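The values are calculated or read from the model by the stated rules, or taken from the named source; none is laboratory data. Predicted model, so just to flag it, every value in this text is computed and none were measured. Quick note on the areas: whole protein, heavy atoms, side chains included, nothing else; ligands and nucleic acids left out. Shrake-Rupley method; radii C 1.70, N 1.55, O 1.52, S 1.80 Å.
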Amino acid sequence: MRKPAAARPARTVKARKVPVKANPAEPAMDVAVGRRIRDLRRIRQFSLETVAARTDLSIGFLSQIERGLSSPSLRVLATLADVLGVGIAALFGASPSADGVSDQVVTRRPQRPELKLWRTGVSKQLLSPASSDNRLNLFLVHLEPGGSTGDELYTHDGEEAGLVLEGEMMLTVDSETWSLKTGDSFRFASRRPHRFSNPANDAKAVVLWVNCVTGAG
């Protein structure tokens, strides 16, 4: 009598490394993002030691981010936004004011702030008006070939949904992975561990992405 075949382990989808090709504007963007993180930290009256303890990031790494010497991943930015009590959208555009209030309704195409995580091949354009008190934000996410949030799953506050406008995206939530192509959509609670990537070798992916922050403010 033949023994049943052993079950195969689940296949793990790993992100491919994206070649780093910086242009002069990209390090400048790191400086701008670092400045906004520093400004938000000071508005909250948090020390670097406090933020380090709440994020499990080293003080030295946080200092490098604030000075624009390190380009943080989307996972790191989401963690910092949580601790600072804002959504990632608060890291776009001009430095935040103390009250974060904005009554802007329309964002024109040339006015879209962009957060380009150039080391990972991910960039996010903020389509909704920028303000640190916004709970609902709309993004246009561009994933370069091989672009990824990294192999490690991450979580943050809120809920998110999206629609793939162009190309293909691999989305992992908890232990399940889906291949999403043009016209496919998704929704999940952001506290569920997740990651995403573009598996294509030669085509960019574009995703319309909505984030609703429930605990910011």
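Before moving on, here are some points about what is shown:
- Segment 137-217 - Debye-derived log10 I(q)/I(0), Cα point model, q = 0.11, 0.18, 0.22, 0.25 Å⁻¹: -0.26, -0.71, -1.04, -1.29
- Couplings 3J(HN,Hα) of segment 164-175, computed from phi: 6, 8, 7, x, 9, 9, 8, 10, 10, 10, 6, 10 Hz, in residue order, whole Hz [Karplus 6.51 cos²θ - 1.76 cosθ + 1.60, θ = phi - 60°; x for Gly and Pro].
- Residue-by-residue Karplus 3J(HN,Hα) for segment 105-114, coefficients 6.51, -1.76, 1.60, Hz, glycine and proline x: 10, 10, 10, 6, 3, x, 9, 5, x, 10
- Under 5 Å between amide hydrogens, built in the peptide plane, is the criterion, and for Ala200 it picks out Gly146 among residues at least 5 positions away or on other chains.
- In the full protein context, segment 120-168 carries 35 Å² of accessible surface per residue, based on a 1.4 Å probe and ignoring ligands, DNA and RNA.
- In sequence order, calculated HN-Hα J values of segment 192-209 (Karplus, 6.51, -1.76, 1.60; Hz; x Gly/Pro): 7, x, 8, 7, 8, 7, 10, x, 6, 8, 9, 9, 7, 10, 10, 10, 7, 10
- Added length on full extension, which subtracts the Cα-Cα distance from 0.36 nm per residue, Leu136 to Asp151: 2.7 nm
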